[in-house]
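Chemist: Starting off with a structure, shown below.
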Amino acid sequence: MAISVKDVEHVAKLAHLEFEEKEKMGFTEKLGAVIGYIEELEDVDVEGVEPTNHALDIKNVFRDDVSEPSMSREKILQNAPAKRSGCFEVPRMVD
Amino acid sequence: MSYRTIVGLEIHAELLTESKMFCTCSAAFGGDVNTHCCPVCIGLPGTLPVINKRAIEFAIMAGLSANCTIAEKSKMDRKNYFYPDLPKAYQISQYDMPLCTDGYLEIETVSGTKKIGIERIHMEEDTGKSLHTEDGSSLLNYNRCGVPLIEIVSRPDMAGADEATAFLEKLKAILEYIEVSDVKMEQGSLRCDVNVNVVADDGRKTEIAELKNLNSFKAAAKAIDYETKRHIEALEAGQNTLKETRRWDDAKGLTISMRSKEYAHDYRYFPEPDLVEMEISGEWIESIKKELPELPQAKKDRFIKTYGIPEYDAGVIVSSKALAVFYEEAAKLAGDAKLASNFMMTEILRRLKDMDSDISDMPFSASDFADLLKFVKSGTISNNMAKKVFREMAETGKKPEKIIEEKGMKQITDESAIEEIVDKVISENPQSVEDYKNGKDRALGFLVGQTMKASRGKAAPQMVNKMVSEKLNK
Amino acid sequence: MKIYDLTAHEVRDRLRKKEISSVELTQETYKRIEEAEGSVDAFITLTKEEAISRAGDIDRAICKGEDLPDLAGIPMAIKDNMCTDGTLTTCGSRMLGNFVPPYDATVVRMLKDSGAVIVGKTNMDEFAMGSSTENSAFKTTKNPWDTRRVPGGSSGGSAAAVAAGEAFYSLGSDTGGSIRQPAAFTGLVGLKPTYGRVSRYGLVAFASSLDQIGPFGKDVEDCAIIMGAISGHDSKDSTSVNRPVEDFTKEMKDGVKGMRIGIPKEFFGEGISKEVKAMVLEGAKIYESMGAVCEEISLPSAKHALSVYYILATSECSSNLARFDGARFGYRAENHQGFKDMFIKTRSEGFGEEVKRRIMLGTYSLSSGYYDAYYNKGLKVRTLIKREFEKAFEKYDFILTPTAPSVAFKIGEKMNDPLEMYMSDICTVPVNIAGVPALSIPCGFKDGLPVGMQLIGKFFDEATLLRAAYSFEQASGIHRQRATLAGGGENEL
C-alpha cells in the first residue's frame, strides 16, 4: 500500500481529524489508491524547471495604509457558536 | 573547566501602521474587544488578504537601519497550525524569501564594540488575544489579529545577559528612531524569545533551550543567567539538557519546561496563493532610504561635534529618540548646549527614573525647560533654585516664570541688598569672624551658609561668597 | 414555449418592451421551482421575499424609463459557496449548515448592482469537491435530462436549475471543471474565465490558485452578457487582474473563418467514450465547414494534469479548510474535552468523507519530508503544462477537446471509487492548472443525454471562445432543446 494506517494517523493529527477504528482501514485504502496514482509524477523529468506559484505574472499588488471603520461587533459575532462579554468563547486553552 | 554561553534572540515588533497588515481595520492598540475586526481579519470563509504597502516599507526601513541586505524578490508564505487565536489556522508569514537578511547591530561591551549578526527580518501578521475565565472557558478578542509584525532573528552571537540586553536596547532605540514601532514591551508591541545553550572548553555543548514569556529586558537577562547556570550544572554532572521550550516564571525566578507537545510543529509552509510576489526595485529602496531619519549613532556623533557635550552624556541622551529631540530643541532655544545637557543628565533623568516614565509623559515641554535654563543663565535664579523650580514644573506642569514669581524665587543680585544681609550675619556671628581670623577657613563657608539661609536661598551665591570674603579680609 | 424556457437575453428584450414585468417573471420562476424541485432538488435555500421585493424595485425603475443593465430584473441562482449577506451560505456542508455571512461576495454585489433578482442558492458537492453533486451533505441534485443521473459537479445545482427552467442563468465555480462538466452533462453553455478575470472575494476557497467563478447560460449570448457583468478588477482580491472590462458580445457574431483550431491527441485517448470522441470530432468538421482549419496537436504533459491537480488543489484546500474549527462560526461539536478535542471533533463530524480525503491528501503532500516530492514537484510540472499551452497558442486560436469522458452517469455509480470519480475531470483540469479560459458547449446527444465540447483559449481571450462557440451554436441549433425532467418515476430520490 502507498500509505499505512500509521501514516494516516499521523497525517490526521496534523489535520486535526480523527477516524473511528472501523473506518480507518477503508479510508486508508482509498487514500492509498489516490496516492498510488499520483506517484506517477515521480518519473516526470523537471530538470531546470522552475515551479509556477501563480498562473499570472502579476507582482507588487498593494493597498495604501488607510484605515476604514471596522465591522460592527454584532456582525462579527453573529455566527459565533458561543460568545461571552463581546468575545468568542471556546473551551479553556491550556497554556 | 570553563564555559561559554551562547545566546540568540527572536524578537517581534508590532508596526505603527494606521491599518492592519491585510485589511483596513485600525492597527491601534487597545479598543473595546472585537471592535477592530472585519471578515478578513477574523478569517471568515471567502475573504482574501491585501498587503499593506507601508508595512513592507517599515520592514525595509528596519532592515536598512540594521545594515541588512534587502531582497530583490520576496513573497509571503503560509505557516499552518491550529490555535484559537489564529482565525485562518495559518499565519501569513515569510519562509524562504524574507525581506531582509545578513545585517548586524553594534553593541558596547566590556571589551569594546562588538557586532551582533542579524540573520533575517521578515514580515508577518499578529494573532488575536485570549483571556481565560475561572469557569473553564477562554474568551477570544481579535482586535490585535492581523496587526503587522516584523520578526527579527539574531545570529547566536551574544555571550550572555549583558550582551543580550545591550542588543535589545540598541534595537529598541533604532526602531523607535525610525518610528516603525513604539517598542513597548508592557503593551506587547515588542516581544522577545531567547535561545540559550552552553559550550564547555572540551567541546561538549548542551542542547538549545528556547525561553518564552519574557516580559521585560530584565526578565530576559535573569532568564539567561538562570539557564546558563542550569546548563552548566548539567554538564558538570556529566549530563545534557534537552532541546525544548521553557517558560520563564518571573515570580519564582526560574524556567519551566513546556514539554507538553507530543510532536514538534510541522508548519507545512507553502507560498501564499492568495498573494502575488513582490519585486523590490533599487528606486523604491532609495526612496525609502531618503525617508530614514538620523539614527542614534549618527545623532550621537553630531551632538558631540556640534554641541561639545561629553561622549557619555551624548550616549545617554540619544538612547531614546524622544529624549534626544527634547534635548536638542531645549539646547537650541536656551542657547547653551552644555548647560542643557548637565541639567538633563542630573535633574531630568533622575525624575524620569523616579517616576519610571518617558520624557513624553512629562508635563513640561522643551521650550519650558529652555526658559528655565535661560533664567539660570541670566542669573535670575541660582542653580539650586532651578532644581526646586524644576521639581515644581515636573509635578504641576506650571511654567517656570510663573513658579519663580509665585514662590518669589528670584535671585537677589542687588549688591546693596546682599550687603545688608551680609552685614547683619557678620554682626550676629562675631565668634565665626574671630574663628576665621584665627585661620579657620570653614568659618567663611558657615557665614556664607548663614547668609544664604537669611536670604532664604535667594541671594546669588557667588556674590555672597565674594562679599563675605571681602568683608572678612578687610 | 414556456416563459422559463427562454434565454436571459430573450427575457431582457421582453422586459424592455414591457411585455412582462420582473415581478411576473419572478413569480413564474417560483412556480416552476415548485413544480420541478421535487424531481430536481437544485436548491438549498430559496429567497422568495427578497427576490419579489427586488423585482418590484426593477419594475418601478423600468416604469420610470430608466436605462437599466442587461441583467436587470432577471431571476437567477447562485452556487452556495458564494457569500450572500444575510442569507445562508452552506457550501453544501454540515460544517456551514447554519452560516449566515455578514457580507456579500464581490460578484454578488456586482450582480445586485446590475439589478439581478436572486431566487436562491444552489446545491453543490461539499466545498466544491466532487464531480457529481452527490457529495452534498443535504441532498442529491438530479439531472433534468434524466433524473436517475447526476447533473455533474461540483456546480450541479446551478446547472440543473438553469436546465430545468428554475433560473434564467446561474453562477458556478470551477476549480478542475466544476462549471464545464455540469454544463456538458446538462446541455448548457458553461464558462470558466481566465484566472484573475473575475474576483474571488467572497467565494469560499477550495484551491486558491485554481478557483474561478463563471456563468451557466442556455446559450452563448447569455454567457457573454453575464461575463460582462461579473468581470473586472477587485482591489479586495490580490489575484484579480487590472484589465478593462470588455463587451464580450462585441465580436461574438464575427464567425470563425480563418481561425486555426488545435485538436490535442492526448484528449482523445482510451479514457474517453467512443461516442463522445466521435461527436467532438464531428464538431471539428462543422468548424471546418465554416472556414476554420483544424489540426492535430500534442500536449504531452496533459496526461500528468490530474496528478498535479490532486496535489496542488488538495494542498491548498487542506490549508483553506483549516479555519473550520467551530470557534468563530459554523458547526461546533457538542461533546468534547478541551479546545483541541473540540477542533478535532468539529472537523471530523462537520466534514464529509470526500472533503476529509482531500484534506488528508493535501496535508500529506505538504508535510515535512514530502513537500519536494509532491507539492514542489507539482508546481514544476504545472510549469510544463502551462508552457505547452502557451506554445500551442502561438499557432492556434483555440483548442478543441471533449469536456467530459462520458455523458452523465447514474447516481451512485461512481461513489465507491474516488479515483474513478476523479477521472471525470481529465479533460478539464489541465485548463485550471494553466490558468487559461475554457467553455463547454453542447455538441450533440447520446441516448437523449447531452454531450459537451470544450473550447480552450488564450489568456484573456474569452472573446474568441465566445465567438467560436456562437458560430457553432447557430450552425447546430442544439441550444434550443430543453430538458423534460424525465426519470424512472415521480419524485425519485
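Chemist: Hey, any idea what % of chain C's accessible area is carbon plus sulfur with a 1.4 Å probe?
Modeler: Looking at chain C in its full context, I get 46 percent from C and S.
Chemist: GluC sites (Glu not before Pro), restricted to the range B:63-163: which are DSSP loop and have at most 10 other Cβ atoms within 10 Å?
Modeler: Those satisfying the criteria are B:Glu134.
Chemist: Hey, could you pull the Cα Rg and Dmax for the range C:405-453, both in Å?
Modeler: Gyration radius and largest Cα-Cα distance of the range C:405-453: 12.7, 34 Å.
Chemist: Roughly what would the spin-label model give for C:Arg243 and B:Ala200, points 7 Å off Cα along C-beta, in nm?
Modeler: Output for this residue pair reads 6.8 nm.
Chemist: May I pose another question? Taking both sides together, what accessible area is buried at the A/C interface, probe 1.4 Å, expressed in Å² and rounded to the nearest 100?
Modeler: Summing both sides, the interface buries roughly 5000 Å².
Chemist: What number in nm² do you get for the range C:269-332 if you take the convex hull of its Cα atoms and divide its surface by four?
Modeler: The Cα convex hull of the range C:269-332, projected and averaged over all directions, gives 8.2 nm².
Chemist: Taking the Cβ-Cβ separation of C:Glu394 and C:Asp5 as r and a Förster radius of 41 Å, what is the calculated FRET efficiency to the nearest 0.05?
Modeler: Plugging the Cβ-Cβ distance into 1/(1 + (r/R0)^6) gives 0.45.
Chemist: Which chymotrypsin sites (Phe, Trp or Tyr not before Pro) in the range B:243-345 pass both tests, a DSSP loop state and at most 15 other beta-carbon atoms within 10 Å?
Modeler: For chymotrypsin sites (Phe, Trp or Tyr not before Pro) across the range B:243-345 that sit outside H, G, I, E and B with at most 15 neighbouring Cβ atoms in 10 Å, the list reads B:Tyr263.
Chemist: What does the structure give for B:26-38 when I average, per residue, the other chain Cβ atoms found within 10 Å of the residue Cβ?
Modeler: Mean inter-chain Cβ contacts per residue within 10 Å come to 4.
Chemist: Sticking with this structure for a sec: Based on the alpha-carbon gyration tensor of the range C:219-336 and its eigenvalue square roots a ≥ b ≥ c, which shape applies: rounded if a/c is under 1.5, prolate if not and a/b is larger than b/c, or oblate?
Modeler: oblate
Chemist: Nearest 20 debye, what's the magnitude of the dipole of the range C:322-413 about its Cα centre given +1 on Lys and Arg Cβ and -1 on Asp and Glu Cβ?
Modeler: Value, rounded to 20: 220 debye.
Chemist: Dipole size in debye (nearest 20) for chain B around its Cα centre, Lys and Arg Cβ +1, Asp and Glu Cβ -1?
Modeler: Rounded to the nearest 20 debye, it is 1180 debye.
Chemist: Write down, largest first, the equivalent ellipsoid semi-axes of the range C:97-145 in whole Å, where each equals the square root of 5 times an eigenvalue of the alpha-carbon gyration tensor.
Modeler: Working through the eigenvalues yields semi-axes of 25, 15, 10 Å.
Chemist: Would you mind listing how long the range B:202-291 runs along its three principal axes, going by Cα atoms, in whole Å with the largest first?
Modeler: 57, 35, 34
Chemist: Please list log₁₀ I(q)/I(0) at q = 0.10, 0.11 Å⁻¹ for chain C, using the Debye equation with identical point scatterers on the alpha-carbon positions.
Modeler: -0.69, -0.84
Chemist: Would you be so kind as to identify which of B:Phe29, B:Ser65, B:Gly112 lies farthest towards the positive end of the dipole of chain B, taking Lys and Arg as +1 and Asp and Glu as -1 on Cβ and the Cα centre as origin?
Modeler: With unit charges placed on the Cβ atoms, the residue in question is B:Gly112.
Chemist: Quick one: what do you get for the range C:422-479 if you divide its Cα Rg by 2.2 N^0.38 Å?
Modeler: So the range C:422-479 has a normalised radius of gyration of 1.22.
Chemist: Here is a further query. Given a 1.4 Å probe and heavy atoms of the protein chains only, how would you sort B:Leu275, C:Leu485, largest accessible area at the top?
Modeler: Descending order: C:Leu485, B:Leu275.
Chemist: Expressed as a fraction of 2.2 N^0.38 Å, the rule-of-thumb size for a compact globular protein of N residues, what is the C-alpha radius of gyration of the range B:138-276?
Modeler: 1.21
Chemist: While we're here: May I ask for log10 I(q)/I(0) of the range B:266-330 at q = 0.24 Å⁻¹, from a Debye sum over the Cα atoms as equal point scatterers with solvent left out?
Modeler: Log-scaled intensity ratios, in q order: -0.99.
Chemist: Applying the Karplus parametrisation 6.51 cos²θ - 1.76 cosθ + 1.60 with θ = phi - 60° to the phi angles of the range C:391-399, what ³J(HN,Hα) value in whole Hz is obtained for each residue in order, glycine and proline being reported as x?
Modeler: Karplus-based 3J(HN,Hα) across the range C:391-399 equals 5, 4, 6, 5, 9, 10, 7, 7, 10 Hz.
Chemist: For the range C:385-470, state the average projected area of the convex hull of the C-alpha atoms over all orientations, rounded to one decimal in nm².
Modeler: 6.4 nm²
Chemist: If you count, for every residue in C:193-202, the Cβ atoms of partner chains within 10 Å of its Cβ, what is the mean?
Modeler: Averaged over the peptide's residues, the number is 3.
Chemist: Taking each residue of C:232-239 in turn, how many C-beta atoms of other protein chains fall within 10 Å of its C-beta, and what is the average?
Modeler: 5
Chemist: Oh, and also: Please give the contour-minus-distance gain from B:Glu311 to B:Leu242: 0.36 nm per residue of separation, less the Cα-Cα distance, rounded to one decimal in nm.
Modeler: The B:Glu311-B:Leu242 span can extend by a further 20.4 nm.
Chemist: Give me the percent of DSSP beta bridges within chain C that run antiparallel, rounded to the nearest 5.
Modeler: Close to 65 percent.
Chemist: I would also like to ask the following. Tell me which residues come under 5 Å, amide H to amide H, from C:Thr90 once H is placed; ignore anything under 5 positions away on its chain.
Modeler: none
Chemist: What fraction of the Cα pairs in the range B:312-460, stated in percent, has a spacing above 20 angstrom?
Modeler: Pairs farther apart than 20 Å: 55 percent.
Chemist: If you bin the C-alpha pair distances of the range B:317-387 every 10 Å from 0, what whole percents do you get?
Modeler: Going from the shortest bin to the longest, the percentages are 21, 59, 20, 1.
Chemist: Projected area of the range B:69-150, taken from the Cα convex hull and averaged over every viewing direction, in nm²?
Modeler: 8.4 nm²
Chemist: For the pair B:Asp301 and A:Ile58, what calculated FRET efficiency results from E = 1/(1 + (r/R0)^6), where r is the Cβ-Cβ distance and R0 = 35 Å, to the nearest 0.05?
Modeler: Rounded to the nearest 0.05, the efficiency is 0.20.
Chemist: Could you work out how much longer the chain between B:Asp358 and B:Lys453 gets when fully extended? Use 0.36 nm per residue separation minus the Cα distance between them, nm to one decimal.
Modeler: 30.7 nm
Chemist: If you look for lysine pairs in the range B:66-131 that are eight or more places apart or on different chains, how many of them have Cα atoms under 30 Å apart?
Modeler: Number of lysine pairs found: 8.
Chemist: Looking at the range C:60-139, which trypsin sites (Lys or Arg not before Pro) are DSSP coil and have at most 11 other C-beta atoms within 10 Å of their C-beta?
Modeler: Counting only loop positions with at most 11 other Cβ atoms within 10 Å, the trypsin sites (Lys or Arg not before Pro) in the range C:60-139 are C:Lys64.
Chemist: Remind me, what semi-axes does the range C:362-405 give for its equivalent ellipsoid, largest first in whole Å, using sqrt of 5 times each Cα gyration tensor eigenvalue?
Modeler: 31, 14, 5
Chemist: Compute accessible area for the range B:139-153 by itself and then with all protein chains, 1.4 Å probe, and report residues whose area falls by 10 Å² or more.
Modeler: B:Leu139, B:Leu140, B:Tyr142
Chemist: Give me the three principal axis extents of the range C:313-376 from the C-alpha atoms, as integers in angstrom, largest value leading.
Modeler: That gives 39, 21, 19 Å along the principal axes, largest extent first.
Chemist: So what is the relative contact order for chain A, in percent, with contacts set as C-alpha pairs under 8 Å and at least six apart?
Modeler: Answer for chain A is 21 percent.
Chemist: Same structure, new question: For the protein assembly as shown, give the magnitude of the charge dipole about the Cα centre (Cβ charges: +1 Lys/Arg, -1 Asp/Glu; no others), in debye to the nearest 20.
Modeler: 1600 debye
Chemist: Determine the per residue accessible area of the range B:1-66 with all protein chains present and a 1.4 angstrom probe, expressed in square angstrom.
Modeler: 26 Å²
Chemist: To continue, here is another question. Using every pair of alpha-carbon atoms in the range C:115-198, split the distances into 5 Å bins beginning at 0 and state the percent of pairs per bin, rounded to integers.
Modeler: Result returned by the calculation: 3, 19, 28, 25, 17, 6, 2, 0.
Chemist: Also, quick follow-up: For chain B, what does the convex hull of the Cα positions come to per residue, in cubic angstrom?
Modeler: In chain B, the Cα hull volume divided by residue count equals 230 Å³.
Chemist: Next up: Under the Karplus relation 6.51 cos²θ - 1.76 cosθ + 1.60, θ = phi - 60°, what is the ordered set of whole-Hz ³J(HN,Hα) values for the range C:127-143, x standing for Gly and Pro?
Modeler: Using θ = phi - 60°, the values come out as 6, 6, 9, x, 10, 8, 6, 7, 8, 6, 6, 10, 6, 10, 7, 10, 7 Hz.
Chemist: Please report the spacing between the Cα centers of the range C:19-93 and the range C:239-316 in Å, no decimals.
Modeler: That distance is 33 Å.
Chemist: Okay, next question. Tell me, what are the semi-axes, in whole angstrom and largest first, of the equivalent ellipsoid of the range B:1-130 as set by the roots of 5 times the Cα gyration tensor eigenvalues?
Modeler: Over the Cα atoms of the range B:1-130, the semi-axes work out to 32, 17, 15 Å.
Chemist: Moving to a separate point now. Between A:Val66 and B:Ser378, what's the calculated FRET efficiency when r is the beta-carbon distance and R0 is 51 Å? Round to 0.05.
Modeler: With a Förster radius of 51 Å, E is 0.55.
Chemist: Sticking with this structure for a sec: Determine the principal axes of the Cα atoms in the protein assembly as shown, then give the extent along each, sorted from largest to smallest and rounded to whole angstroms.
Modeler: 137, 81, 59 Å, listed from the longest principal axis down.
Chemist: Still on this structure, please answer the following. May I ask you to order C:2-13, C:392-403 by the average number of other C-beta atoms within 10 Å around their residues, highest value first?
Modeler: C:392-403, C:2-13
Chemist: From the helices alone, meaning DSSP H stretches of at least four residues, give me the mean residue ellipticity at 222 nm for the protein assembly as shown, per-run term -39500 (n - 2.57), in deg cm²/dmol to the nearest 500.
Modeler: Value at 222 nm, helices only, nearest 500: -12000 deg cm²/dmol.
Chemist: Moving on. By the gyration tensor of its Cα atoms, with a ≥ b ≥ c the square roots of the eigenvalues, what is the shape of chain A: rounded for a/c under 1.5, prolate for a/b over b/c, or oblate?
Modeler: Judged from the Cα gyration tensor, chain A comes out oblate (a/c at least 1.5, b/c at or above a/b).
Chemist: Sorted by mean Cβ packing within 10 Å, highest first, what order do the peptides C:333-340, C:177-184, B:218-225, B:442-449 take?
Modeler: Descending mean neighbour count gives C:177-184, B:218-225, B:442-449, C:333-340.
Chemist: When ranked by the protection proxy of mean other Cβ atoms within 10 Å per residue, highest first, what sequence do the peptides C:211-223, B:5-17 form?
Modeler: C:211-223, B:5-17
Chemist: With a cut-off of 8 Å between alpha carbons and a minimum separation of six or more residues, what is the relative contact order of the range C:353-493 in percent?
Modeler: It comes to 21 percent, rounded to a whole number.
Chemist: Please work out the Kirkwood hydrodynamic radius for the range B:411-474, using every pair of different C-alpha atoms, and report it in angstroms with one decimal place.
Modeler: Evaluated on the range B:411-474, it is 11.3 Å.
Chemist: Can you give me the distance in nm between label points at B:Glu233 and C:Lys265, each placed 7 Å from the Cα along the Cα-to-Cβ direction?
Modeler: 7.7 nm
Chemist: Here is a further query. C:Lys31 to C:Ser273: extension gain in nm, 0.36 nm per residue of separation minus the Cα-Cα distance?
Modeler: Extra length available between C:Lys31 and C:Ser273 comes to 83.3 nm.
Chemist: Here is a further query. Run the quick spin-label model on B:Glu291 and A:Glu39: label points 7 Å from Cα toward the beta carbon, then report their separation in nm to one decimal.
Modeler: Between B:Glu291 and A:Glu39, the label points sit 5.3 nm apart.
Chemist: Same structure again: What does a probe at B:Glu401 reach in the range B:329-368, counting residues whose amide N is under 12 Å from the point 7 Å along Cα→Cβ?
Modeler: Within reach of a label on B:Glu401: B:368.
Chemist: Taking every DSSP beta bridge with both residues inside the protein assembly as shown, roughly what % is antiparallel (nearest 5)?
Modeler: 80 percent
The values are calculated or read from the model by the stated rules, or taken from the named source; none is laboratory data. The shown structure was predicted, so the numbers you read here are calculated from the model rather than taken from an experiment. Virtual Cβ from ideal backbone geometry, glycine too; neighbours counted across all protein chains shown. Quick note on the areas: whole protein, heavy atoms, side chains included, nothing else; ligands and nucleic acids left out. Shrake-Rupley method; radii C 1.70, N 1.55, O 1.52, S 1.80 Å.
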